[in-house]
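Trainee: First the structure, which I've put down as structure tokens, then a few questions once you've had a look.
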Amino acid sequence: MYRYDQFDRSFVAARVAEFRDQVQRRLSGELTEDQFKPLRLMNGVYLQLHAYMLRIAIPYGVLSGRQLRKLAHIGRVYDRSSGHFTTRQNLQFNWVRLADIPDILSELAEVEMHAIQTSGNCIRNVTADHFAGAAADETVDPRPYAELLRQWSSLHPEFTFLPRKFKLAVTGAAVDRAAIQVHDIGLEVKRNERGEIGFAVYVGGGQGRTPMIAKKLRDFLPERDLLAYCEAILRVYNLEGRRDNKYKARIKILVHEKGLEEIAASVEAEFAARPVATANLGEAEIARIAAYFAPPKFASLPARSSVLDAAQAKDSALQRFVARNVSAHKAPGYGVVTVSLKPIGGIPGDATSDQMDALADIAERWSFDELRVSHAQNIVLPHVRLDDLPQVHAALAAAGLATPNDGLVTDIIACPGLDYCALANARSIPVAQEISQRFADLDRQNAIGELKLKISGCINACGHHHVGHIGILGVDRQGEEFYQITLGGAEGADCAIGELVGPGFAADKITDAVETLVETYLKLRRDPGERFLDAYRRVGLGPFQEALYADA
Amino acid sequence: MAARKIKFDWVAATANDLKGGEAVFRRADGSWTRAVAEAELVPGGEAGAALLARAQADHAANRVVEPVLIAVDPTTRRPLSLRERIRADGPTV
Ligand code: SF4
């Protein structure tokens with residue numbers, strides 16, 4: 001993984017010192033809240049319902065054991081011995097004291113981490129495929145490009161006060177696990193017929209109150225032009241994006257209002273006007289960054305593991321886990337392990353400090369010291385030998401981390417909602433917990449098959465409900481929590497925004513409604529291979545509406 | 001959110017503590033407490049405006065952050081809106 005150079009180290013250290021001074025001045029009363037608020041937001045510090053919240057950037061979701069152990073330690077010392085992994089591959093501490101935050105940031109800097117640009121109208125943490133560098137279906141490892149973008153966008157003086165926040169995502173596999181089409185800029189790294197590397201460039205996607213699927217600006221942007229082209233997009237947005245209305249300030253609105261042609265023309269003009277020599281990415285620089293992401297030394301192994309086969313024959317829990325939570329790796333004899341942070345009835349994305357320590361140990365011992373955070377709020381062990389899976393599974397089970405539900409109905413994405421978030425209209429977590437308990441039976445979950453259920457506590461859509469196969473949005477109806485359901489959303493290469501199924505449901509009816517949807521699907525699917533999403537696409541809203549509102 | 005839509009009969013002043021960020025409520029003696037039941041309750045309208053002004057002075061003095069009035073049931077001394085009940089009691093999960 002990338003290691004800080006002298007420049008990274010000194011800028012992070014300087015920022016910690018600066019913020020320490022700002023916090024001191026705030027606590028002494030020298031700075032007012034109005035003066036301090038923008039400063040704290042630049043450092044990832046929010047004030048939520050019960051406490052300050054610190055959002056820590058995990059660049060493109062990549063962590064080492066040492067870093068995760070540090071997060072565990074911070075959780076133990078400064079929070080309530082846990083942390084919350086978010087849909088943007090970040091980590092949030094929900095219970096920190098303002099006075100402690102400078103010390104937390106110093107501790108983070110020790111392991112090359114920070115909270116810079118995790119809030120505010122700037123370029124946020126760049127996200128990427130959580131299987132990067134590991135997945136069998138990957139064309140090009142997206143991490144070097146995510147890192148180049150991270151360096152370029154960190155403290156970029158021109159893009160510190162954008163009209164609104166700005167999010168980039170990169171995938172190196174055509175299936176798109178990074179949801180690039182719902183980002184401000186989405187990039188697919190690929191190769192052309194000549195084997196050269198380039199990018200499909202998408203712009204103007206996003207969720208929130210006006211969900212939009214991104215439009216493709218370029219099908220194959222040459223590798224060397226990556227930063228210059230992104231810069232051109234940002235320039236056009238910085239200049240022309242609306243600053244008069246917060247709800248219309250994202251680039252998706254600009255793209256929507258101007259249309260693809262006009263935006264493309266502006267971006268291409270800006271791109272053509274760049275000073276070529278300075279803006280191109282040199283081969284040497286690309287190679288220098290790529291070297292940090294060189295694949296680990298995989299042993300040459302047979303594709304099948306007789307050790308694993310034998311262990312699975314004796315252990316049905318292991319067998320379920322492997323069938324569900326292990327994905328194909330590019331190196332024979334290895335697997336990509338998804339560690340679900342969605343135990344039945346648990347809080348989606350939460351991990352205790354002890355669990356983080358356990359994951360760090362497991363990664364160091366069995367996954368080349370690498371971990372990833374996925375936007376589905378799970379953890380990934382990217383490079384596990386199939387021979388080691390029985391031991392890894394046992395170690396995960398001992399830490400309460402072996403829930404075999406990756407991609408199933410209980411693998412629910414949920415934002416913090418009204419239990420924590422100052423912007424929320426309704427709770428998300430208890431809804432997720434109740435649904436998870438209702439569908440606890442593993443045989444039933446597996447019979448239902450892949451079903452992505454996503455819950456947001458307000459229209460900001462941090463829980464990605466727009467792209468859930470079943471999406472749930474919490475609203476406030478005259479002081480009562482109400483939940484609207486959308487169907488048919490998808491986040492991958494077949495990206496779609498879910499459609500509203502009809503009137504919302506009260507809190508005590510929403511789990512029944514989900515169950516009705518699932519039962520309806522089971523009755524109408526052609527065969528078990530037809531996923532919920534496929535069936536929905538074939539039949540549309542009608543049968544689901546009939547089932548939900550039959551008695552209305 | 002919901003509080004705004006409910007008629008403000010009786011109100012209390014709430015804010016977040018500057019140092020810790022926890023939800024706090026203003027007592028009649030001017031101190032701030034984690035317990036909403038101990039908060040000073042006044043009728044909305046003029047008395048409410050005066051309470052808010054006192055709370056805002058505490059904000060200006062950097063004791064608390066961003067005070068607002070919330071509607072409270074005078075018999076149970078519980079906030080009327082779910083959001084404020086969650087602030088007073090902590091997360092429900
Ligand atoms: S979707 Fe709304 S409630 Fe949920 S975390 Fe985002 S802002 Fe908060």
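The values are calculated or read from the model by the stated rules, or taken from the named source; none is laboratory data. Remember, predicted model here, so these are calculated numbers, not experimental data. No Cβ is skipped: glycine too gets one built from the backbone with ideal geometry, and neighbour counts run over all protein chains shown. Calculation scope for accessible area: heavy atoms of the full protein, side chains included, ligands and nucleic acids excluded. Shrake-Rupley method; radii C 1.70, N 1.55, O 1.52, S 1.80 Å.
Trainee: Please verify whether A:Arg525 is open to solvent by 30 Å² or more (accessible area, probe 1.4 Å), assigned by TED's automatic domain parsing to the domain that holds A:Gly417 and closer than 30 Å to A:Lys248 by Cα, treating the condition exactly as stated.
Mentor: For A:Arg525, the condition - open to solvent by 30 Å² or more (accessible area, probe 1.4 Å), assigned by TED's automatic domain parsing to the domain that holds A:Gly417 and closer than 30 Å to A:Lys248 by Cα - is not met.
Trainee: Do we have any residue at all in segment A:396-414 that's within 14 Å of another protein chain (Cβ to nearest Cβ), more than 16 Å from the ligand (Cβ to nearest atom), closer than 27 Å to A:Phe321 by Cβ and of a type in the set (D, E, K, R)?
Mentor: No, segment A:396-414 contains no residue that is within 14 Å of another protein chain (Cβ to nearest Cβ), more than 16 Å from the ligand (Cβ to nearest atom), closer than 27 Å to A:Phe321 by Cβ and of a type in the set (D, E, K, R).
Trainee: If a residue must be near the ligand (Cβ under 10 Å from one of its atoms) and either among the hydroxyl-bearing types (Ser, Thr, Tyr) or open to solvent by less than 10 Å² (accessible area, probe 1.4 Å) (or both), how many such residues does segment A:443-460 contain?
Mentor: Qualifying residue count for the region: 3.
Trainee: Only one residue in A:Val307, A:Val326, A:Val339 is modelled with pLDDT of 95 or more and within 18 Å of the chain's Cα centre (by Cα). Which one?
Mentor: Unique residue meeting the criteria: A:Val339.
Residue by residue, here is whether (1) in contact with an Asp or Glu (Cβ under 6 Å, 6 or more places away or on another chain); (2) surrounded by 19 or more Cβ atoms within 10 Å (Cβ to Cβ) holds:
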{"position": "A:Glu285", "(1), (2)": "no, no"}
{"position": "A:Ala291", "(1), (2)": "no, no"}
{"position": "A:Pro302", "(1), (2)": "no, no"}
{"position": "A:Ser305", "(1), (2)": "yes, yes"}
{"position": "A:Leu308", "(1), (2)": "no, yes"}
{"position": "A:Ala311", "(1), (2)": "no, yes"}
{"position": "A:Lys330", "(1), (2)": "no, no"}
{"position": "A:Val336", "(1), (2)": "no, yes"}
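Each row is one residue, and each column tells you yes or no for (1) farther than 20 Å from A:Phe85 by Cβ; (2) free of Cβ contacts under 8 Å to residues at least 60 places away in the same chain; (3) open to solvent by 30 Å² or more (accessible area, probe 1.4 Å); (4) among the acidic types (Asp, Glu).
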| site | (1), (2), (3), (4) |
| --- | --- |
| A:Phe368 | yes, no, yes, no |
| A:Ile379 | no, no, no, no |
| A:Pro382 | no, no, no, no |
| A:Leu408 | no, no, no, no |
| A:Asp411 | no, no, no, yes |
| A:Ala414 | no, no, no, no |
| A:Leu418 | no, no, no, no |
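Trainee: Of the residues that sit in segment A:287-311 and are touching a residue at least 24 places away in the same chain (Cβ under 8 Å) and part of a helix (DSSP H, G or I), which one is farthest from A:Ala135 (Cα to Cα)?
Mentor: Here the residue is A:Ala311.
Trainee: Still on this structure, please answer the following. Give segment A:356-366 a look and list any residue that's closer than 12 Å to A:His73 by Cα and surrounded by 23 or more Cβ atoms within 10 Å (Cβ to Cβ), or say none.
Mentor: Scanning segment A:356-366 gives a single hit, A:Met356.
Trainee: Then there is this: Could you tell me whether A:Leu63 is away from every other protein chain (no Cβ under 14 Å) and modelled with pLDDT of 95 or more?
Mentor: yes
Trainee: Which one of the conditions (1) more than 21 Å from A:Phe131 (Cβ to Cβ); (2) in contact with a strand residue (DSSP E or B) (Cβ under 7 Å, 6 or more places away or on another chain); (3) within 13 Å of the ligand (Cβ to nearest atom) does A:Leu487 fail to meet, given that it meets all the rest?
Mentor: (3)
Trainee: Of the residues that make up segment A:169-178, is at least one charged (D, E, K, R) and out of contact with any Leu (no Cβ under 8 Å at 6 or more places or on another chain)?
Mentor: Yes.
Trainee: Which one is most open to solvent (accessible area, probe 1.4 Å), of the residues in segment A:423-442 that are outside any helix (DSSP H, G or I), more than 17 Å from A:Ala513 (Cβ to Cβ) and within 12 Å of the ligand (Cβ to nearest atom)?
Mentor: In this case the residue turns out to be A:Leu423.
Trainee: Quick one: which residue in A:Leu47, A:Leu54 is within 14 Å of another protein chain (Cβ to nearest Cβ), closer than 24 Å to A:Asp350 by Cβ and surrounded by 24 or more Cβ atoms within 10 Å (Cβ to Cβ)?
Mentor: Answer to the selection: A:Leu54.
Trainee: Regarding segment A:229-241, can at least one residue be identified that is of a type in the set (Lys, Arg), modelled with pLDDT of 95 or more and more than 20 Å from A:Lys330 (Cα to Cα)?
Mentor: Within segment A:229-241 (the criterion being of a type in the set (Lys, Arg), modelled with pLDDT of 95 or more and more than 20 Å from A:Lys330 (Cα to Cα)), the answer is yes, since at least one residue qualifies.
Trainee: Working only within segment A:347-358, note down all residues that are aliphatic (A, V, I, L, M) and out of contact with any helix residue (DSSP H, G or I) (no Cβ under 6 Å at 6 or more places or on another chain).
Mentor: A:Ala351, A:Ala358
Trainee: Within segment A:461-477, is there a residue that is within 13 Å of chain B (Cβ to nearest Cβ) and more than 16 Å from the ligand (Cβ to nearest atom)?
Mentor: No, segment A:461-477 has no match at all.
Trainee: For residues that are touching a helix residue (DSSP H, G or I) at 6+ places or on another chain (Cβ under 6 Å) and of a type in the set (Asp, Glu), tally how many sit in segment A:263-317.
Mentor: So the answer is 1.
Trainee: Is it the case that some residue within segment A:44-60 is in contact with a Gly (Cβ under 8 Å, 6 or more places away or on another chain) and of a type in the set (D, E, K, R)?
Mentor: Yes, because at least one residue in segment A:44-60 is in contact with a Gly (Cβ under 8 Å, 6 or more places away or on another chain) and of a type in the set (D, E, K, R).
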